[in-house]
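The values are calculated or read from the model by the stated rules, or taken from the named source; none is laboratory data. Treat the numbers as computed from the prediction; the structure is a model and nothing was measured. Glycine gets a Cβ as well: all are built from the backbone with ideal geometry, and neighbour counts include every protein chain shown. Just so you know, the surface numbers come from the protein's heavy atoms only, side chains and all, with ligands and any DNA or RNA stripped out. Shrake-Rupley method; radii C 1.70, N 1.55, O 1.52, S 1.80 Å.
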Amino acid sequence: MAEACQIARKQDLPPPGGYKPIPYKRIPARQYFSGYAMFAGYIGMTIGGLYLYNINYKQVKKDQIEMRSAKMAIYPMLLAERDREYLKQLRRNRDAEAELMRDVPGWEVGTYYGERVYNLVPPDALVEPIFHEYYAHSDPVEWYKRAYIKFFS
């Protein structure tokens, strides 16, 4: 039985004459252009670029002036809309406070149990709330977006 399992194995040897030499020397890249030709091409591209820029310069300036004028024209309206929304949120806060504290005896909206919070401020003056008071009765997602606005822009 041992004689049947014995197979003549062939050893892996190098080919006759040995392996080819391993190429390890540096092969320099081919030069298609000389340094002078490349410099001349750069000058040509620069002159061409300046030419195209000068052709479009007046249009670019017109577009910049038009955009600046549009921004200056719309800016007052954007400020007014921002202030309008600010006052609307203050009104929503007062309404939410009135609704929340309606069952508390002696509670008057805008005061602390009937006493003014700010004694040195005239009664008709607007006291701007702090950030957390302003967003107290709004959606927490809106508060988060405003608090971390630097992460989203």
(request) Name the long-range amide H neighbours of Glu108: under 5 Å, sequence gap of 5 or more, or other chain; modelled H, no Pro or chain starts. (result) Tyr113, Gly114
(request) Could you run the Karplus curve 6.51 cos²θ - 1.76 cosθ + 1.60 with θ = phi - 60° over the stretch 116-129 and give me ³J(HN,Hα) per residue in whole Hz, x for Gly and Pro? (result) 5, 6, 10, 7, 8, 9, x, x, 8, 7, 7, 9, 6, x
(request) Would you please name the trypsin sites (Lys or Arg not before Pro) within the stretch 72-141 that are DSSP coil residues with at most 12 other C-beta atoms within 10 Å of their C-beta? (result) Arg102
(request) Step through the table entries Lys88/Lys145; Lys62/Lys150; Lys71/Lys150, compare each Cα-Cα distance with 27 Å, and write down the pairs that go over it. (result) Lys62/Lys150
(request) In whole Hz, with x marking every Gly and Pro, tabulate ³J(HN,Hα) for the stretch 103-108 from phi via Karplus 6.51 cos²θ - 1.76 cosθ + 1.60, θ = phi - 60°. (result) 8, 8, x, x, 8, 10
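Starting from the Kirkwood Rh over alpha-carbon pairs, what translational D in µm² s⁻¹ does the stretch 63-138 have by Stokes-Einstein at 20 °C and 1.002 mPa s?
This corresponds to a translational diffusion coefficient of 140 µm²/s.
Tally Lys/Arg at +1 and Asp/Glu at -1 over every other residue whose Cβ is under 12 Å from the Cβ of Met77; what's the total?
Result for the local shell: +1.
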(message) Can you tally the net charge around Met101? Count Lys and Arg as +1, Asp and Glu as -1, for every other residue whose Cβ sits under 13 Å from the Cβ of Met101.
(response) -3
(message) How far apart, in nanometres, would the label points at Tyr148 and Asn56 be if each is projected 7 angstrom from Cα along the Cα-to-Cβ direction?
(response) 3.9
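Run the accessible area of the stretch 97-145 with a 1.4 Å probe and give the carbon-and-sulfur part as a rounded percent.
After summing per-atom areas, the C and S share lands at 57 percent.
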(request) Give a residue-ordered list of calculated ³J(HN,Hα) values for the stretch 91-100 (Karplus: 6.51 cos²θ - 1.76 cosθ + 1.60, θ = phi - 60°; whole Hz; x for Gly, Pro). (result) 5, 5, 5, 5, 5, 5, 5, 4, 5, 5
